[in-house]
Amino acid sequence: MTLPVSAPPTLERPYGGREHDVRVSERRERFIQAGVRLIGSAGYRAATVRALCAEAGLSNRYFYESFDSTEALLMAVYQRLMGECQAGILTAMQQAAPDIDAMAAAGVRVFFEHARDPLFARATLLEVMGVSPAVDAVYQENIRVFGRMIIGGAGPVVTAAGLPEEQLDMLGLSLVGALAYAAMHWMLDGYRLTLDQMVENAVRIIGGMVAGLPQGAS
């Protein structure tokens, strides 16, 4: 007696030449971009699942395919925007002349170029504050990374100062706080100052930090 041979299990059939995971990734990206537009313009509370689906042109089931809540989407939006910004800052600092003022100017210019987009500014500087402990943790970690990038740009000058790591971390957080607060009010004030003026002010702040390091850090 010949037993029937079972057909091997099949993966989800490609659609239009694209595999299933690619389509999932594309839908996730559409929701992130929808989140940037909604959160950046109307705020996090307005970014309901229904509103996000309408903005992305996708159904509810596709939202929950990638995110278990609007809070998860908010964190994805924040990490996307800040990741792009920080990558740009790092590249600009690496390409600048090996001088503290030049590196500081290059880095903060990229930051303020991003902050000049009100969608970026609102989503990263206003809407992530006080949502939940999980969102706060993501925000704090990004701020620490940003602070270390700024301190790292001062290189040998900071190293020669001999400050403990915890103090350097707090110094970096202080600088980031100053830049973020300035960017937030720049946006709320309708961007009345020019980009060059914002950069000049930021370089003065960073220069003041360097000048205030212990003697011998040169």
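Read-outs throughout are calculated quantities, based only on the coordinates presented, and are distinct from any laboratory measurement. None of the values given here were measured: they were computed from a predicted structure. Glycine gets a Cβ as well: all are built from the backbone with ideal geometry, and neighbour counts include every protein chain shown.
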Once both label points are put 7 Å beyond Cα along the C-beta direction, the Thr194-Glu65 separation in nm becomes 4.8
Here, trypsin sites (Lys or Arg not before Pro) of region 123-218 satisfying both criteria (DSSP loop; at most 16 other Cβ within 10 Å) are Arg192
The farthest towards the positive end of the charge dipole of the chain, of the residues Gly57, Tyr44, Leu90, given +1 on Cβ of Lys and Arg and -1 on Cβ of Asp and Glu, is Gly57
Hits in region 90-110: amide N under 12 Å from the 7 Å Cα→Cβ extension of Ile205, namely 108-109
The answer for the chain, counting only DSSP H helices whose Cα atoms cover 27 angstrom or more along the axis and whose Kyte-Doolittle average is 0.0 or greater, is 70-95, 133-154, 165-188
Taking a ≥ b ≥ c as the square roots of the eigenvalues of the Cα gyration tensor, with a/c under 1.5 meaning rounded and otherwise prolate when a/b exceeds b/c and oblate if not, region 72-211 is oblate
Expressed in nanometres to one decimal, the distance between label points 7 Å along Cα→Cβ at Glu19 and Arg37 is 3.0
